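Undergrad: Quick one: structure below, then a few questions.
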Amino acid sequence: MFEGLSTGEKAALISSVGFAILILMSLIPRLREIGATKTLKMALSWVLIFGGLIFLLTQWPTIRGALDPASPRMEGEEMLLTAREDGHFYVRGMINGESALFMVDTGATDIVLTMETAARAGFSPDTLRFDGMAQTANGSVRTAGVRLGELTIGDITLRDMPASVNEGALGTNLLGMRFLRTLKSWRVEGDTLILRP
């Protein structure tokens, strides 16, 4: 009966059946008062309401992933990212409690932040020391080294991570090899990037 269902799906199914039985049992005393047809309609309405809520709760990660392709989705111990139309993998994360969008870039050595993201994460432009240099497709740009108190990507949380702030016109934040090396493994299969923390 449960073959092919995940643990979450089994739990949702069992909970739905349990709620349905409880609702039906609570409506049995009302059978004589309002009649079988109305009782059945009421029971079905409650089963649909609770079933819908349970489905939303158990399937929220999948639904969120469909609504926002940059939201990582977990399958077992693996985090999956789907490539966007431009062929790159993007993921939404948090830096020091602030939301940030990253592009996974195997060609980048570091975790690189835009000036805007750095400011939101608490790194004031006035206190940054741009004493580093990076080569980009647009030429050389100055960089400032920072340490991220907390970087969260999906279920992965890293603390005190070194990163760089790019002074140039960087379009998005980059998750380079410094991040990927913290993982057990990573691989690309078709249009899916699979990260194993």
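The values are calculated or read from the model by the stated rules, or taken from the named source; none is laboratory data. Bear in mind that the values here come from a model prediction, so they are computed numbers and not experimental data. Cβ coordinates were reconstructed from backbone atoms using ideal geometry, including for glycine residues, and neighbour counts include every protein chain displayed.
Undergrad: Across region 124-140, what is the number of residues that are within 30 Å of THR192 (Cα to Cα), among the small types (Gly, Ala, Ser) and part of a loop (DSSP other than H, G, I, E, B)?
TA: Residues that pass the stated criteria total 1.
Undergrad: What tally of residues in region 154-171 results from selecting those that are out of contact with any helix residue (DSSP H, G or I) (no Cβ under 8 Å at 6 or more places or on another chain), under 19 Å from GLY107 (Cα atoms) and surrounded by fewer than 18 Cβ atoms within 10 Å (Cβ to Cβ)?
TA: 3
Undergrad: For region 81-114, name all the residues that are acidic (Asp, Glu) and touching a helix residue (DSSP H, G or I) at 6+ places or on another chain (Cβ under 7 Å).
TA: Residues satisfying the conditions are GLU98, ASP110.
Undergrad: Would you pick out the residues in region 144-163 that are under 17 Å from THR127 (Cβ atoms) and of a type outside the set (Gly, Ala, Ser)? First the steps, then the outcome.
TA: To start, the set of residues in region 144-163 that are under 17 Å from THR127 (Cβ atoms) comprises 144-149, 162-163.
Result: VAL146, ARG147, LEU148, PRO162.
Undergrad: Could you identify the single residue in LEU151, LEU174 that is in the same structural domain as PHE89 (by TED's automatic domain parsing), over 20 Å from ALA83 (Cβ atoms) and either over 17 Å from the mean Cα position of the chain (by Cα) or surrounded by 14 or more Cβ atoms within 10 Å (Cβ to Cβ) (or both)?
TA: LEU151 is the lone residue from the list that is in the same structural domain as PHE89 (by TED's automatic domain parsing), over 20 Å from ALA83 (Cβ atoms) and either over 17 Å from the mean Cα position of the chain (by Cα) or surrounded by 14 or more Cβ atoms within 10 Å (Cβ to Cβ) (or both).
Undergrad: Kindly list, by first and then second residue, each pair from a residue in region 109-123 that is part of a helix (DSSP H, G or I) to a residue that is of a type in the set (A, V, I, L, M, F, W, C) and surrounded by 22 or more Cβ atoms within 10 Å (Cβ to Cβ), limited to pairs with Cβ atoms under 7 Å and residues at least 6 apart or on different chains.
TA: Listed by first residue and then by second, the contacts come to MET115/VAL165; THR117/ILE95; THR117/ALA100; ALA118/VAL165.
Undergrad: Another question, if that's okay. From (1) at pLDDT below 95; (2) farther than 19 Å from ALA70 by Cα, pick out the condition that doesn't hold for GLU98.
TA: Going through (1) at pLDDT below 95; (2) farther than 19 Å from ALA70 by Cα one by one, GLU98 breaks only (2).
Undergrad: Being part of a strand (DSSP E or B), among the polar types (S, T, N, Q) and either at pLDDT below 90 or touching a Ser or Thr at 6+ places or on another chain (Cβ under 9 Å) (or both) narrows it down to one of THR157, THR143, so name that one.
TA: THR143
Undergrad: Go through the residues of region 161-180 one by one and say whether even a single one is free of Cβ contacts under 8 Å to residues at least 40 places away in the same chain and either over 30 Å from ARG129 (Cα atoms) or hydroxyl-bearing (Ser, Thr, Tyr) (or both).
TA: no
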